[in-house]
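Chemist: Got a structure here, written out as C-alpha cells. Questions coming.
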Amino acid sequence: MVSAVCLPKDKGGMSSKMFFGIVDELHDIGHRGCRYQIGLHMYNEPLADVRLTEFVRYTRGKFPNAGIYIHTNGDLLTPELFSDLLDAGLTRMRINQYDGATSKHVTAITDGVERSIARVKSFRRQSICNRAGALRKIGKPFVRMCKKAHQCVINWRGDLILCCNDYFGKISPGNVTDKSVLELWNDPMLQHYRDELANGCRAKLPLCRECNIRGGNPELRKKGRR
C-alpha cells in the first residue's frame, strides 16, 4: 500500500525500558483507575513491532479500566495477531486505508467485527490533516479552539510533544530521560499553548496557526460551538 501523503521521518523505536518506565510512572501518579484512552502509536506502524502484544498486555495490567487502542494501516494484520491483541487487552483498532479503498485482507479479518472494536477508515485528500502546516498544500488553517494539546503525547525518542499533529516535535519541553512525565506535562510553555488554544487563539502560536485540524471539544460541538 502506498500512503497518500509521505513525510520524511527518522527510523527508530522506543526502547522497552522507556516504554515500561512511562507506563509505570503514569500508574504511580495515580491514574490506574481512570477510564482514559491510551494510544500505542505515533506516526509509525505499530504492527511492525513484535513487542506490541507484550506492550498491550503490560499496559492493561497497569490500567484495567482504560481504553487501549492503535492506529494501523492494516498491511501486517493477520487473524491471529488481531485475536492476540484483543486477548492481551486491546480495546479498539482503527485501520487507516490511505488508498481510498479497503483492502480485501482487511475486510476478511474485520468482517462481522463490531465497528467499536475495529473501525476501517478510508482516506481521501480532503480528509487528511496538514500536520500543523507541514503539508502546505493540504487544507486551510482552522482558526478556532483546539483541545489536541490536552493529550499527553510522547514520541519514540521519549520527547513529550505538544500534540499528535506536531509531526516533527517542534514544541517540546524535554525528554522523559531527563524529567518526569508529570514535570514535562506541567511545563509553563505547554500550559501557555493549552490556554491559548482553549480560547481559540491559534493565530498567536507559530505552529498552530498553520494547522487545519479542528480538534474541538465534543461537548462544545454538541452545543453548536467549536
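The values are calculated or read from the model by the stated rules, or taken from the named source; none is laboratory data. It should be emphasised that the depicted structure is a prediction, and the values quoted were computed from it without experimental measurement. Because the Cβ atoms are built from the backbone with ideal geometry, glycine has one as well, and the counts that use them run over all protein chains shown. Quick note on the areas: whole protein, heavy atoms, side chains included, nothing else; ligands and nucleic acids left out. Shrake-Rupley method; radii C 1.70, N 1.55, O 1.52, S 1.80 Å.
Chemist: Using the Karplus curve 6.51 cos²θ - 1.76 cosθ + 1.60 with θ = phi - 60°, what ³J(HN,Hα) values do you get for each residue of the stretch 159-164, in whole Hz, with x for Gly and Pro?
Modeler: 7, 7, 10, 4, 6, 6
Chemist: Calculate, for Lys179 and Asp28, the FRET efficiency according to 1/(1 + (r/R0)^6) with r their C-beta to C-beta distance and R0 25 Å; round to the nearest 0.05.
Modeler: It comes to 0.95.
Chemist: What is the sum of charges, Lys and Arg at +1 and Asp and Glu at -1, for the other residues whose Cβ falls under 14 Å from the Cβ of Lys17?
Modeler: That works out to -1.
Chemist: Quick query: amide H of Gln97 versus all other amide H atoms, modeled in the peptide plane; which residues come in under 5 Å with a sequence gap of 5 or more or a different chain?
Modeler: Here Lys121, Ser122, Phe123 satisfy the definition.
Chemist: Placing +1 at every Lys and Arg Cβ and -1 at every Asp and Glu Cβ, with all other atoms neutral, what dipole size does the stretch 12-96 have around its Cα centre, in debye to the nearest 20?
Modeler: In total the dipole reaches around 320 debye.
Chemist: Which entries of Lys62/Lys170; Lys17/Lys62; Lys148/Lys179; Lys148/Lys204; Lys170/Lys204 have Cα-Cα distances beyond 19 Å here?
Modeler: Correct reply: Lys62/Lys170; Lys148/Lys179.
Chemist: Okay, moving on. What ³J(HN,Hα) values, in whole Hz, does the Karplus curve 6.51 cos²θ - 1.76 cosθ + 1.60 give for the stretch 205-212 when θ = phi - 60°, with x put for Gly and Pro?
Modeler: 10, x, 6, 6, 5, 9, 7, 9
Chemist: In whole Hz and in residue order, list the ³J(HN,Hα) couplings for the stretch 67-76 that follow from phi through the Karplus curve 6.51 cos²θ - 1.76 cosθ + 1.60, θ = phi - 60°; x for Gly and Pro.
Modeler: Listing the rounded values in order: x, 10, 9, 9, 10, 9, 7, x, 4, 9 Hz.
Chemist: Excluding ligands and nucleic acids, what accessible area in Å² is computed for Tyr69 using a 1.4 Å probe, to the nearest 10?
Modeler: 50 Å²
Chemist: In what sequence, highest mean first, do 13-19, 170-176 appear when ranked by Cβ atoms within 10 angstrom?
Modeler: Most protected by this proxy first, the peptides run 170-176, 13-19.
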